[in-house]
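Heads up: the structure comes next, in structure tokens.
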Amino acid sequence: MDLTKNFEPKAVEDRWYKHWVKQRYFNSKPDGRPAFTVVIPPPNVTGVLHMGHTLNETVQDILVRKARMSGFNACWVPGSDHASIATEAKVVGMLKEKGIDKNSLSRAAFLKYAFEWKDKYGSIIYNQIERLGCSVDWDRTTFTMDDHYYKAVIKVFIDLYNKGLIYRGARMINWDSSAKTALSDEEVEYKDLTGKLYHLRYKLDTVKEAYISIATQRPETIMGDTAICVNPNDERYAHLKGAYAFVPLINRRIPIIFDDYVDPAFGTGALKVTPAHDINDYNLGLKHNLEVVDTINEDGTMSTAAQIYIGEDRFVARKKIIKELLEKNFLTREEEYTTRLGYSQRTGVVVEPRISTQWFVKMKEMAGPALNAVVDGNIKIHPGDKFLATYKYWLENVKDWCISRQLWWGQQIPAWYDAEGRMVVAETENEAKEIFNKQFPPTGQAGSIPNAQLSQDADVLDTWFSAWLWPIEVFKGITEPGNKEANYYYPGSVLVTGQDIIFFWVARMVMAGMEYEKQIPFKDVYFTGMVRDKLGRKMSKSLGNSPDLLDLIDKYGADAVRFGIMVSSPAGNDLMFDENSLEQGRNFNNKIWNALKLVKMWEGRQAISLEPLADSSQLTAYSFPLDWFSNRLNEVRSEVDTLMKQFRLSEALKTIYSLIWDDFCSWYLEWVKPGFEQPVDSAVYTKTVSYFEELMQLLHPYMPFVTEEIYHLLKEQTDDLCMKQFATVKAVDKKILAHGELLKQVITTIRDGRNKNQLKPKEAIKLFIETNAIESYNSIVHILSKQVNANELSFTKEAIANTIVVAVEKDKFYIKTEKDLDTSTLKVDLLKDLEHQKGFLSAVEKKLSNERFVQNAKPEVLAIEQKKKADAEARIRTIEESLSTIS
RNA sequence: GGGCUGUUAGCUCAGUUGGUUCAGAGCAUCACGUCGACAACGUGAGGGUCGCUGGUUCGAGCCCGGCACAGCCCACCA
């Protein structure tokens, strides 16, 4: 078989993914095995996967594949979120490009366009998930607006309404003037920026030419002022009790009111009160029974109530008003001021506080169980301490959740109104009528058809009001409560998601889970960090620093992408994404590929001998590396299991990487490698192939394609790697492992000695070993001489003159060569080492002569120190002897 | 304003209940090397007072206090 020079991922990826899907390996049905359930955090249906998703999906796939290979019935549910605001904004934009105004369309016509859009672009993310190699059960793909899902959302709304946990009311909410919808508190992102504070003077009605000055950042809202408020203890303003002021430009007469809320030290100590456009003013207004004048329209332009600049955008109006205020001598001062502004998470526009009638969920009652689930440790958060406090704080201080959105794309709120505004909540119009008739019986006029006209609430529900049911309804746990699948798969095993949606989603899923399933939705939550670019900046479209996933996969291969993103992402830490690490992944692929090529070369050259090996010296030569690697493999497998259980996936990957590259390729293969065109012992060959298979299995969850490919190239297989069950980890023999480490150290030390003396690799040496433990070398002399290119190897009891001397622990190695030796560098090294050893020895001696140490330290620590002392003394003797042979 | 986290090699980060020569890994750097797995590579090497400062301890990268710097989250001060 001809193998290509390097691993070529493209064809391999496509072939294996198709095969896995065809074999239905990723499809899950309830059975006798324990379930391992993961629900994907559904990406926005019209979005593309960014690097954050890539990290997320990779982590999930690793966990799912590992579970699938460890006796679990793994079920990973894919899907997407309708993302009401984001998607509607995109569809509106698309229509605009076609010259269609959303307002000119009926609701039904708009939704038709939206679904077309969804059908067209919704598959992009699925394709990316597939290319990445994710082992999701495609038969279970769920969309948050699927029929059953839609019903579930409506059912939950009605249920919570009937329980009194949902209410409708007029409140100050966050308004997105671009999407023209309300937002929840969580959908507002605050940014610090420098603004200006304008000092304006308002004419008073007390004395002629008397003014009161206020400070504001938003002069365009003065037309909505309905009072000026000062602190009752502020003597400067005490004389204004009962006085009135006039709003500049429009001359409305407003009262001066007194309230502790005002900080006399801030600004001028006087506050303009605009109940329609500021949450604090709104509260003041409620308290003091002030009029509310709403001067801004839902699209952010000035309303007729503003009287001036009607129809102009509020920020344009601001500039013009400032100019006019200045001209008319109302603006007395401007100062720089740092402030925080709220922006809409979805559309990026500045959020307006606005009073409007919306639907809310009462959160306090549901927060309790959700809080306990985590505090009691039923749900474990990884990394724990970092997010536990955040989660707790939010739930303890949770505010009601505004769930209505003035959009069409989403689940339409099942509330029905008659012409007089009387309302009922029901699933269908017919049901609504029935309930309505019971609740509001017809007045009794004969023949009147009662309440024929009911119209449904035009608004839809917040996307997260559907997303919070995700772990339940993907198994139809809401629409068909207690069904077999829900019982089997719920609760999920682990939720993998970004820390940025801990409130939006995680906390609310726990609430929904406790409310509807009476148990937690998942046992572990693994928070991935944020993916940043090399310079530490957040990846974003506007910066153009977010690479395209499919481009990366084309360039490096899916396995390399998975490797690159995992190798640098410890749990919960942000990761600096750098294409270098993808290159490292690609190189790793090639390294494994080349190891395969080496092993394949041996396939046809196996020794025919029926005996394990005819030559007994060779038997010992090969039995050591076989034995050693088998133990090393088991050691690492157990380490990896531990690390993965702790969700330390990045470290587990590094451990496997080092096992394959260093222990397997650099040491083991070199140790068992036959000479040029020499046959390989068939026992060695068989073992090597089997180790290779085990390595591929261990790596498979991280790099599924290359491992599956190599697994099949190694030999004819009757199964596929992705379904191969892990054997139990065997106990390891620590002595053999230590012996292996010693051998590595001896080889490295001798090679270093050769290098330092400019010996070329080709130049053979004669090696003399001075040791008290000859027996420990018996099984490794063959390897040793091969690895350091020694054509003679013998033991000695005394120093050999004119040689390079190096030492490992108490053993000394004399390197004899034909070449003239320049011992000066060697001497310098030895002297340096001697000094270090002496310093070390005195430190140990000091420790040992400290009575309190000897008294208090644990016996094993004491023993270690004594051994350190003995070793150091022996080492010093060795160095001194060596020095004497040199000079 | 409140809270949380971090600071270890040039860069990105490990360091598992305080105790082996414990100061590590990968990348980057330097020297040498193309006999049949691999130059996208091999063999070696050099890099750090563990942010600063006190304390606890026989013993601190690890525990405690203070400080400096960086980042994140929360909060209605015009």
(request) Jot down the radius of gyration and Dmax of region A:147-187, Cα atoms only, both in angstrom. (result) 13.4, 34
(request) Could I get the Rg over Rh figure for region A:276-403? Both from C-alpha atoms, Rh via Kirkwood, rounded to two places. (result) 1.12
(message) Tell me whether region A:38-172 comes out rounded, prolate or oblate; compute the Cα gyration tensor, take square roots of the eigenvalues as a ≥ b ≥ c, and use a/c under 1.5 as the rounded threshold.
(response) oblate
(message) At 1.4 Å probe size, what's the solvent-accessible area of A:Asp820? Round to the nearest 10 Å².
(response) 140 Å²
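Which of rounded, prolate or oblate describes region A:486-593 when judged by the alpha-carbon gyration tensor and an a/c cut-off of 1.5? Mind showing how you got there, number by number?
Working: a/c = 2.94, a/b = 1.82, b/c = 1.62.
Since a/c reaches 1.5 and a/b is larger than b/c, the shape of region A:486-593 is classed as prolate.
So what is Rg over Rh here for chain A, counting just Cα atoms and using Kirkwood for Rh? Could you put the intermediate results ahead of the total?
On the way: Rg = 37.4 Å, Rh = 33.6 Å.
With Rg and the Kirkwood Rh in hand, the quotient comes to 1.11.
Which value, in Å², gives the accessible area per residue of region A:257-394 when a 1.4 Å probe is used on the protein heavy atoms? Working shown, then result.
Numbers: 7050 Å² over 138 residues.
Result: 51 Å² of accessible area for each residue.
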(request) Treat each spin label as a single point 7 Å out from the Cα along the C-beta direction, and report the A:Phe440 to A:Arg171 distance in nm. (result) 2.4 nm
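Take A:His199, A:His836, A:His50, A:His19 and sort them by solvent-accessible surface of the protein heavy atoms, 1.4 Å probe, largest at the top. It would help to have the intermediate numbers written out before the result.
On the way: A:His199 10, A:His836 120, A:His50 85, A:His19 60 Å².
These residues rank, largest area first, as A:His836, A:His50, A:His19, A:His199.
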(request) Show A:Asp627, A:Asp720 ordered by accessible area, largest first, where the area counts protein heavy atoms only and the probe is 1.4 Å. (result) A:Asp627, A:Asp720
(request) First measure r as the distance between the Cβ atoms of A:Lys654 and A:Thr817, then evaluate 1/(1 + (r/R0)^6) with R0 = 41 Å and state the FRET efficiency to the nearest 0.05. (result) 0.60
(request) Can you tell me the FRET efficiency between A:Val828 and A:Phe853 if r is taken as the Cβ-Cβ distance and R0 is 51 Å, rounded to the nearest 0.05? (result) 0.90
(request) Please calculate how many Å² of accessible area region A:735-887 carries per residue, with a 1.4 Å probe and no DNA, RNA or ligand atoms counted. (result) 59 Å²
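Express the relative contact order of chain A as a whole percentage, based on alpha carbon pairs under 8 Å and six or more residues apart in sequence.
On the way: 1458 pairs, mean separation 107.4, N = 887.
Result for chain A is 12 percent.
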(request) May I ask you to work out the translational diffusion coefficient for region A:624-686 at 20 °C, viscosity 1.002 mPa s, via Stokes-Einstein with Rh from the Kirkwood sum over Cα pairs, reported in whole µm²/s? (result) 166 µm²/s
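By how many nm would the segment from A:Asp662 to A:Leu105 grow when fully extended, if each residue of separation counts as 0.36 nm and the alpha-carbon distance is taken off? Before the final figure, lay out each step's value.
Numbers: separation 557, 0.36 × 557 = 200.52 nm, distance 6.54 nm.
Computed gain between A:Asp662 and A:Leu105 is 194.0 nm.
Roughly speaking, to the nearest percent, how much of chain A's 1.4 Å accessible area is carbon and sulfur?
Details: 20820 of 40920 Å².
Ligands and nucleic acids excluded, carbon and sulfur reach 51 percent.
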(message) Ignoring solvent entirely, what values of log10 I(q)/I(0) come out of the Debye formula for region A:280-333 at 0.16 Å⁻¹ when each Cα is a single scatterer?
(response) -0.62
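Just by accessible area at a 1.4 angstrom probe, what is the order of A:Ser849, A:Ser404, A:Ser213 from largest to smallest?
Values: A:Ser849 85, A:Ser404 0, A:Ser213 40 Å².
Listed by decreasing accessible area, they come as A:Ser849, A:Ser213, A:Ser404.
Kirkwood hydrodynamic radius, region A:99-171, all distinct C-alpha pairs: what's the number in Å? Write down the numbers at each step before the final one.
Working: mean 1/r = 0.0628 Å⁻¹.
Computed over Cα pairs of region A:99-171, the Kirkwood hydrodynamic radius comes out at 15.9 Å.
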(message) Which one, A:Ala731, A:Gln717, A:Tyr685, projects farthest toward the positive side of the charge dipole computed for region A:679-735 from Cβ point charges (K/R +1, D/E -1)?
(response) A:Ala731
(message) If I model a spin label as a point 7 Å beyond the Cα along the Cα-Cβ vector, how far apart are those points for A:Thr748 and A:His199 in nm?
(response) 7.1 nm
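With the cut-off at 1.5 for a/c, could you classify region A:595-746 from its C-alpha gyration tensor as rounded, prolate or oblate? Don't jump to the answer; show the numbers that get you there.
On the way: a/c = 2.02, a/b = 1.32, b/c = 1.53.
Oblate shape, in that a/c is at least 1.5 and b/c is the bigger or equal ratio.
With 22 Å as the cut-off, how large is the P(r) tail for region A:774-883, expressed as percent of Cα-Cα pairs?
Working: 2898 of 5995 pairs.
Counting every Cα pair in region A:774-883, those more than 22 Å apart make up 48 percent.
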(request) Work out from phi, with θ = phi - 60° and the Karplus expression 6.51 cos²θ - 1.76 cosθ + 1.60, the ³J(HN,Hα) of each residue of region A:95-103, listed in order in whole Hz, and give x for Gly and Pro. (result) 5, 4, 4, 7, x, 10, 8, 3, 5
(request) Step through the table entries A:Lys555/A:Lys600; A:Lys645/A:Lys687; A:Lys392/A:Lys858; A:Lys438/A:Lys484; A:Lys10/A:Lys386, compare each Cα-Cα distance with 31 Å, and write down the pairs that go over it. (result) A:Lys392/A:Lys858; A:Lys438/A:Lys484; A:Lys10/A:Lys386
(message) Per residue, how large is the accessible surface of region A:395-505? Use a 1.4 angstrom probe and give square angstrom.
(response) 42 Å²
(request) Given a cut-off of 23 Å, name the pairs among A:Lys196/A:Lys287; A:Lys756/A:Lys786; A:Lys272/A:Lys328; A:Lys155/A:Lys518; A:Lys29/A:Lys112 whose C-alpha atoms lie farther apart than that in the structure shown. (result) A:Lys196/A:Lys287; A:Lys29/A:Lys112
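Report the gain in length on full extension from A:Lys29 to A:Asp139: 0.36 nm times residue separation, minus Cα-Cα distance, nm rounded to one decimal.
Numbers: separation 110, 0.36 × 110 = 39.60 nm, distance 1.08 nm.
Length difference between fully extended and current span is 38.5 nm.
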(message) Suppose each label sits 7 Å from its Cα in the direction of the beta carbon; what would the A:Arg236-A:Asp500 distance come out to in nanometres?
(response) 4.3 nm
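Can you give the Rg to Rh ratio for region A:216-306, taking only C-alpha atoms and Rh from Kirkwood?
Working: Rg = 12.9 Å, Rh = 13.4 Å.
Rg/Rh for region A:216-306 comes to 0.97.
The values are calculated or read from the model by the stated rules, or taken from the named source; none is laboratory data. Values in this document were obtained by computation on a predicted structure and should not be read as measured data. Here the Cβ is made from the backbone with ideal geometry for all residues, glycine too, and neighbour counts use every protein chain on show. Surface accessibility is based on the protein's heavy atoms, side chains included, excluding ligands, DNA and RNA. Shrake-Rupley method; radii C 1.70, N 1.55, O 1.52, S 1.80 Å.
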